[in-house]
Amino acid sequence: MTARYEIHGPTESTPVVEAWADDYIRFELGPQWQKDLRNEIRARCSELNPSSEQVLHATFFGAKASNADVENLMLYNIGSFKGAGRNGIRFEHGQGVPSARSGGTYPISYRYALAQCSGTFDHWRSTRTLASFDWIDLGEFAGEKKLSQVWLALSRGQIDLADRACPQDAPFAVEIDLRPPVGREPIMGNLVKGVFDGVISAFQAHTDTSVLPDAAARVASLISAEPAEIENHLLDQRRAVLGVSPRLVSPYRDGVKWDPADHRCVAGELLATEPVGPRWAIRGRVVEVDR
């Protein structure tokens, strides 16, 4: 029977972990071979020891579902990459699928490598800056509602915006510097999803007014803002350089569910910077990209 996956590296001379598989790894589900591959990727990536000038560069190769998020496929579904990603994580959707070491053919490939902090994406180039912002305070940035906290901070903050939005289905990249408080060493892999979804949500607008009052009230109960302010930010299309969504946020169980267009985010990076005070802050930009 043909193997469902193969995995190689790292070596002393080549700090790279590469894997090929019949399918992508599901989050905490899937057949046993996917769980085995997840554990092997985690174990091998724990051997990667970045210098102060290196970050973890993760690349997913192969077709993905139209609503699948690259950061989930590479990071969230696998692990936190606490050691390998301690200085930051860069990820992207690669082009094609490289040949497997064995000569076998697989539809999916994963690659995790140490790369320079000053490096760039390998498979995408920036064509236009859609939004950029200098340091914006995130306060204590505590608890589980980091998406909402990031969204509110950027919705209130000073932003430089492009004069026109990108097409509704256009791919884009998000590049973020994260400044932690003095004495904190964040696990970057645990922050990627909340930070990126918050940034992406801040540059979309909500259009379904039928759920808006309830959704805004629930968001306001989670963060320091009045429901009226939440509604105004959600409806504001002046900042929606990534387009609009009927239900960017909607009531869900006892809270809310955000639905930003993160499936169009084909590349991104979250880099740690030196702390300067007691509070969290971010700066960065959103760019339209092409091959």
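The values are calculated or read from the model by the stated rules, or taken from the named source; none is laboratory data. Predicted model, so just to flag it, every value in this text is computed and none were measured. We place every Cβ from the backbone using ideal geometry, glycine too, and count neighbours over all the protein chains shown. Only protein heavy atoms, including side chains, enter the accessible area calculation; ligands, DNA and RNA are left aside. Shrake-Rupley method; radii C 1.70, N 1.55, O 1.52, S 1.80 Å.
Leaving ligands, DNA and RNA out of it, report the carbon-plus-sulfur percent of the accessible area of region 112-153 at a 1.4 Å probe. Within region 112-153, the accessible surface is 47 percent carbon and sulfur.
Close amide H partners of Val16, meaning residues 5 or more places away or on another chain with modelled amide H under 5 Å apart, are Thr11. Put simply, the Cα atoms of region 203-252 extend 27, 19, 13 Å along their principal axes, the longest span coming first. Cα centroid separation, region 16-82 to region 217-291: 25 Å. Loop sites here are GluC sites (Glu not before Pro) outside DSSP states H, G, I, E and B with no more than 10 other Cβ atoms within 10 Å. The longest part of the chain free of them is 145-291. For region 88-181, trypsin sites (Lys or Arg not before Pro) are listed when DSSP marks them as loop and at most 15 other Cβ atoms sit within 10 Å of their Cβ; the list is Arg101, Arg164.
Only Cα pairs under 8 Å and 6+ residues apart enter the sum, and on that basis the relative contact order of the chain stands at 25 percent.
Within the P(r) computed for region 168-258, what percentage of the Cα pairs occupies the region above 19 Å? Present the calculation step by step, with values, prior to reporting the outcome.
On the way: 1949 of 4095 pairs.
More than 19 Å apart: 48 percent of the Cα pairs in region 168-258.
Looking at the chain alone, DSSP beta bridges between its own residues are antiparallel in about 75 percent of cases.
Counting only protein heavy atoms and a probe of 1.4 Å, the accessible surface of region 54-96 is 46% carbon and sulfur.
For region 1-73, the convex hull drawn through the C-alpha positions has a volume of 119 cubic angstrom per residue. Only helices at least 18 Å long along their axis, Cα-based, and averaging 0.5 or more on Kyte-Doolittle count here, so list those DSSP H runs from the chain. Membrane-span-like by this criterion, though nothing is claimed about a membrane: 188-202. Charging the Cβ of each Asp and Glu at -1 and of each Lys and Arg at +1, and nothing else, the dipole of the chain about its Cα centre rounds to 220 debye. Annotation note: trypsin sites (Lys or Arg not before Pro) in region 184-290 located in DSSP loop regions with a Cβ neighbour count of at most 14 within 10 Å are Arg184, Arg253. For region 112-266, the C-alpha radius of gyration divided by 2.2 N^0.38 Å, with N the number of residues, is 1.06.
Beta bridges from DSSP with both residues in region 124-261: antiparallel share about 75 percent, rounded to the nearest 5. Taken over region 1-153, lysine pairs spaced eight or more positions apart, or on distinct chains, with alpha carbons under 26 Å apart number 5. Each residue of region 238-246 was assigned a 3J(HN,Hα) from its phi angle through the Karplus expression (A = 6.51, B = -1.76, C = 1.60, θ = phi - 60°), giving 5, 9, 7, 6, 9, x, 10, 9, x Hz with x at Gly and Pro.
Give me the percent of Cα-Cα pairs in the chain that sit more than 36 Å apart, rounded to a whole number. For the chain, the fraction of Cα-Cα distances above 36 Å is 17 percent. Between Ala113, Pro171, Pro98, the Cα set farthest toward the positive side of the dipole of region 50-177 (charges on each charged residue's Cβ, about the Cα centre) is that of Pro98. If the segment from Ser66 to Ser224 were pulled out straight at 0.36 nm per residue, it would be longer than the present Cα-Cα gap by 53.4 nm. Extent along the principal axes, Cα only, for region 60-133: 45, 31, 23 Å, with the longest axis given first.
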